[in-house]
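K.L.:
Got a structure here, written out as structure tokens. Questions coming.
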Amino acid sequence: MRDDPTPPDSDATPANGVRAVLDAWGQVLAPVAAAGREHVDPKDRRFAGPEWEHPVFDLMRQGYTMMAEAMMASVDQAPGLDEEQRGRARFAMRTLVEAMSPANSPFTNPRALNRALDTGGASLAEGFAKLLADFKRGQLSHTDPNAYEVGHNIATTPGKVIHETPLYQLIHYTPTTDSVAAIPLVIFPPWINRFYILDLSPEKSFIRWAVEQGLSVFMVSWKSADASMKDVVWDDYIAAQIDAIDTIRDALDVKAVHTIGYCVAGTTLAATLAVLAAKQQADKVASATFFTAQVDFSEAGELLNFIDDAYLQLIESVSGEGFLDGRYLAATFNLLRGKDLIWSPVVNHYLMGDKHPSFDLLHWNGDVTNLPAKWHKAYLTDLYRDNKLATPGGVSALGVGIDLSAVETPSYIQAGREDHIAPAASVWKVTHHFTGPLKFVLAGSGHIAGVVNPPSAGKYQYWTGDSSAPSLAEFVAGAEEHKGSWWPDWIEWIRGFGGKDVPATHARVPGEGKLAAIEDAPGRYVRTR
């Protein structure tokens, strides 16, 4: 039972008494445990390690695995459920099964039990202190909350805030090359997260990398919602995207900009392009890039399990001041990967008493934002539940019925092969709606790592192929695999639009053109809680 084979000074300690009892039972149960080894999944990290080989705990994991399989099978065999109901039942059952794991208790997790015995209970005391701290925060911690500071060791790419409205700030980043591309780039991040997912540590920063490629880069930083934003709706976000585009065009005296929309901001960018097309203003945007963005939600994955009347009523009940506390949404996303984002931290921090890791991406993941309640509910009902954006004229914005088939803007569409938030099959459907030239790229990994994959890391891969293929499966069947990051492929696509470079002076330097600098990047809004 001990991790440390060194015998203790005394055999009379309570810890050794507990171990002696377990070992005695282990001798009795060893033949039974050995006979059931086929029930052990060697890939299940919850039960990895030599401690789980002890017959007592080996039988616990075997029994749990058999029970979990039976419980999940009961959902698949339940009569009278349509596919949507079965999907929700399967998700609910999986959530219950994950919570029941013996790894989640200090009495049935041998690693946690060993640590508690070796430390005289100090590990559990430390874990309990972390639990109380998280209760006080109202949020599960994944990383040391004091390890990172926005603007100090994350979100550090130099720049200035050069424009702001009650909804967003516009950041212009300082060029690092003598000349820059004439057509600037503006990035629209999702307002459900802080923008600095694209500006983590310098070696991971897409923004810093794009600046180094000679682009004039602008970033929208959305304000975390408060009671003053209770009437904000989708039209306001679309109007904000247009405002940012026009602000940059005027400030740099250019006809058009390149755009990027990430996740829900990509969905909104698609609507923005449709609005501009309807108003005969499509030429304001030279190109559009979509990071894991959906416009057709018919195959939107496990998030659809939350879009029912009960969940919508819950959202409304906790949004009394006109905004949804971002911690509720964070809990929802954590449930999608409960083993990794809920129970693994519970075991490591509460049961084992381990120190929190210092990991910039996990810090960002816990840095939640609040959402305007009226728009968030409409987003869930109109787009996720009713899939109205996929129907021409199904939704309107700024007085215009949105028809995605009117979008002829050249588009680069990136999806993540293992994305559980915006599944690749759902992102692929963008190709069914736009009518302009398209390039679809399938990246390895998921919703975050598939996007934030700098070339220097040498990780993952991406696939290119026939973007006009009838289906994602046919695209994959004929696609060519490329090792590493897709970022170099994207920058070559951007450079394919031509246009001469211009000196990185005057208006190309933040604060030295028509718009004075308001404050240093990353600005106030990203710090607003």
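The values are calculated or read from the model by the stated rules, or taken from the named source; none is laboratory data. Predicted model only: the values in this text are computed from it and were never measured. For neighbour counting, all protein chains shown are included, and Cβ atoms are generated from backbone atoms with ideal geometry for every residue, glycine included. Remember, those area values only see protein heavy atoms, side chains included, never the ligands or the DNA or RNA. Shrake-Rupley method; radii C 1.70, N 1.55, O 1.52, S 1.80 Å.
K.L.:
For a bin width of 10 Å, list the pair-distance distribution of the range 9-149 built from all Cα-Cα distances, rounded to whole %.
P.N.:
10, 28, 29, 23, 9, 1, 0
K.L.:
Still on this structure, I have one more. What do you get for Rg/Rh over the range 214-298 if you use C-alpha atoms and the Kirkwood form of Rh?
P.N.:
Over the Cα atoms of the range 214-298, Rg/Rh equals 0.97.
K.L.:
Compute the semi-axes of the equivalent ellipsoid of the range 294-380, taking the square root of 5 times each eigenvalue of the Cα gyration tensor, and list them largest first in whole Å.
P.N.:
Working from the Cα gyration tensor, I get semi-axes of 27, 16, 13 Å.
K.L.:
Å³ per residue of the Cα convex hull, for the range 332-443?
P.N.:
About 152 Å³ per residue, rounded to a whole number.
K.L.:
Over every pair of different alpha-carbon atoms in the range 345-392, take the mean of 1/r and invert it; report that Kirkwood radius in Å.
P.N.:
Taking the inverse mean of 1/r over all distinct Cα pairs, the range 345-392 comes out at 14.2 Å.
K.L.:
Continuing with this model, one more query. When only DSSP loop residues count, what trypsin sites (Lys or Arg not before Pro) in the range 40-120 have their Cβ near at most 13 other Cβ atoms within 10 Å?
P.N.:
Hits after loop and neighbour filter: K43.
K.L.:
Apply the a/c threshold of 1.5 to the C-alpha gyration tensor of the range 86-132 and tell me whether it is rounded, prolate or oblate.
P.N.:
Cα axes put the range 86-132 in the oblate bin.
K.L.:
A follow-up question, please. What list of ³J(HN,Hα) values in whole Hz, one per residue of the range 350-355 in order, does the Karplus curve 6.51 cos²θ - 1.76 cosθ + 1.60 (θ = phi - 60°) give from phi, with Gly and Pro shown as x?
P.N.:
So the Karplus estimates, Gly and Pro as x, are 8, 8, 8, x, 5, 5 Hz.
K.L.:
Related question: Rounded to whole Å and sorted largest first, what semi-axes of the equivalent ellipsoid does the C-alpha gyration tensor of the range 415-516 yield via the square root of 5 times each eigenvalue?
P.N.:
Semi-axis lengths for the range 415-516 are 31, 17, 14 Å.
K.L.:
Next up: Between the range 425-439 and the range 197-226, what's the alpha-carbon centroid distance in Å?
P.N.:
Between the Cα centre of the range 425-439 and that of the range 197-226, the gap is 25 Å.
K.L.:
Using θ = phi - 60° and the Karplus form 6.51 cos²θ - 1.76 cosθ + 1.60, what ³J(HN,Hα) does each residue of the range 434-449 get, whole Hz, x for Gly and Pro?
P.N.:
Those phi angles translate into 6, 10, x, x, 10, 10, 9, 10, 9, 9, x, 6, x, 5, 10, 5 Hz.
K.L.:
Could I ask something else about it? Could you give the accessible area per residue of the chain, probe 1.4 Å, as a whole number in Å²?
P.N.:
Normalised by residue count, the accessible surface of the chain is 43 Å².
K.L.:
Taking the range 78-170, how much of its Cα-Cα pair set, in percent, is spaced more than 18 angstrom apart?
P.N.:
73 percent
K.L.:
How large, in Å, is the range 186-240 by the Kirkwood hydrodynamic radius built from its alpha-carbon pairs?
P.N.:
12.8 Å
K.L.:
Quantify, in whole percent, the carbon and sulfur part of the accessible surface of the chain (1.4 Å probe; protein heavy atoms only).
P.N.:
Carbon-and-sulfur percentage of accessible area, whole number: 55.
K.L.:
Any of K204/K459; K284/K429; K255/K439; K279/K514; K130/K355; K130/K223 with alpha carbons more than 18 Å apart? Name them for me.
P.N.:
K284/K429; K255/K439; K279/K514; K130/K223
K.L.:
On to the next question. Could you tell me what percent of the DSSP beta bridges with both partners in the chain are antiparallel, to the nearest 5?
P.N.:
50 percent
K.L.:
Quick one: Cα centre-to-centre distance for the range 487-517 and the range 312-344, in angstrom?
P.N.:
Using only Cα atoms, the two centres lie 39 Å from each other.
K.L.:
Alpha carbon centre of the range 55-113 versus the range 395-417: separation in Å?
P.N.:
Here the answer is 41 Å between Cα centres.
K.L.:
I need the shape label for the range 108-263. Rule: rounded when a/c is under 1.5, else prolate if a/b > b/c, else oblate, with a, b, c from the alpha carbon gyration tensor.
P.N.:
Judged from the Cα gyration tensor, the range 108-263 comes out prolate (a/c at least 1.5, a/b above b/c).
K.L.:
Calculate one ³J(HN,Hα) per residue across the range 510-518 by plugging θ = phi - 60° into the Karplus curve 6.51 cos²θ - 1.76 cosθ + 1.60, and present them in order as whole Hz with x for glycine and proline.
P.N.:
x, x, 9, x, 5, 9, 6, 5, 8
K.L.:
Computed over the Cα atoms of the chain, what is the ratio Rg over Rh, Rh following Kirkwood?
P.N.:
1.02
K.L.:
Also, quick follow-up: Going through the range 45-113, which chymotrypsin sites (Phe, Trp or Tyr not before Pro) have at most 10 other Cβ atoms within 10 Å and a DSSP loop state?
P.N.:
Passing both the DSSP loop test and the Cβ count: F107.
K.L.:
Just read off the accessible area of K339 with the full protein assembly in place, 1.4 Å probe, to the nearest 10 Å².
P.N.:
Surface accessible to solvent at K339 totals approximately 90 Å².
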